[in-house]
1. If a residue must be in contact with a Lys or Arg (Cβ under 9 Å, 6 or more places away or on another chain) and not aliphatic (A, V, I, L, M), how many such residues does region 21-47 contain?
2. Being under 30 Å from GLU56 (Cβ atoms), without any contact (Cβ under 8 Å) to a residue 40 or more places away in the chain and surrounded by 12 or more Cβ atoms within 10 Å (Cβ to Cβ) narrows it down to one of ASN153, ASN134, so name that one.
3. Regarding region 61-74, can at least one residue be identified that is small (Gly, Ala, Ser) and in a strand (DSSP E or B)?
4. Can you name the residue in region 181-200 that is within 20 Å of the chain's Cα centre (by Cα) and surrounded by fewer than 17 Cβ atoms within 10 Å (Cβ to Cβ) and, of all such residues, is nearest to GLY212 (Cα to Cα)?
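The numbers here are math on the coordinates, done by the rules we state, and not lab data. All values reported here derive from a predicted model rather than from experimental measurement. When we count neighbours, we look across all protein chains shown, and the Cβ atoms used for this are built from the backbone with ideal geometry, even at glycine.
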Amino acid sequence: MSKTHKWFATKNDAEILLTWLSEAGAQLLSGAPVEAIWDLDGLEFGLHFPKIGSVEYWSNDIRLSEYEENSPRWRRAVMTQVRQQEQPHRPWVDTDKSAVAGIQMPEFRDGRYWVSGEIWFPGSRLKETFPELNRVCARLERFLKQFQTVFDNRKGEDQCGFTYYLCMSGIIQKVVALPEANSLLQHGAFMVDSLASPKQYAEFRRRLQLSGHEDSG
């Protein structure tokens, strides 16, 4: 099963995670160091751990009959087929057979609000296929536990105390705040879940306008 780690962070906070990933052996799929994306807000990148395994790509001729219908592998194949049709000249990483992860950088949206970042390990059988990468994922989870949890609705309604200040998507998840972002939240800053829809974000800003926290003009 894939694993996602979600976090609120400023640009400076993101450097903490990029340094951790670099020390864990990660690089960009292009071979560039992960630090190269330090100042790129909101974009997604593939990460490769070359000491753990190679990067494999899906065939341009995917045959669904080779997979058990409705299995996780079959569903990945279907999704990849759709992507190949939309972007036929782009190679698509086979995440089940590759030592890879993904990262979305935090974004400073509309010059007002930090939007969360995340790191995910997409392999469906990570523990069996890449046990060392699974250990990297577990180590990252332990590393992130040192930071304050500011949203967690995995066992019902969030009780972390920052609900008013966050525009959340409604997805079941846990989110931590790295030091600078946590300090901003503690002092009344507002932040946005990267999965929040345009409608949720518009309603969030409207609420802040009505409460006087944001100019309606």
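1. 5
2. Details: ASN153 fails: under 30 Å from GLU56 (Cβ atoms).
None of the others qualify; the one that does is ASN134.
3. no
4. The qualifying residue nearest to GLY212 (Cα to Cα) is GLN200.
Residues are listed down the side, and each one gets a yes or a no for (1) surrounded by 16 or more Cβ atoms within 10 Å (Cβ to Cβ); (2) part of a loop (DSSP other than H, G, I, E, B):
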residue	(1), (2)
LYS6	yes, no
ASP13	yes, no
LEU21	yes, no
GLY25	yes, yes
ALA32	no, yes
GLU35	no, no
GLY42	no, yes
GLY46	yes, no
VAL55	yes, yes
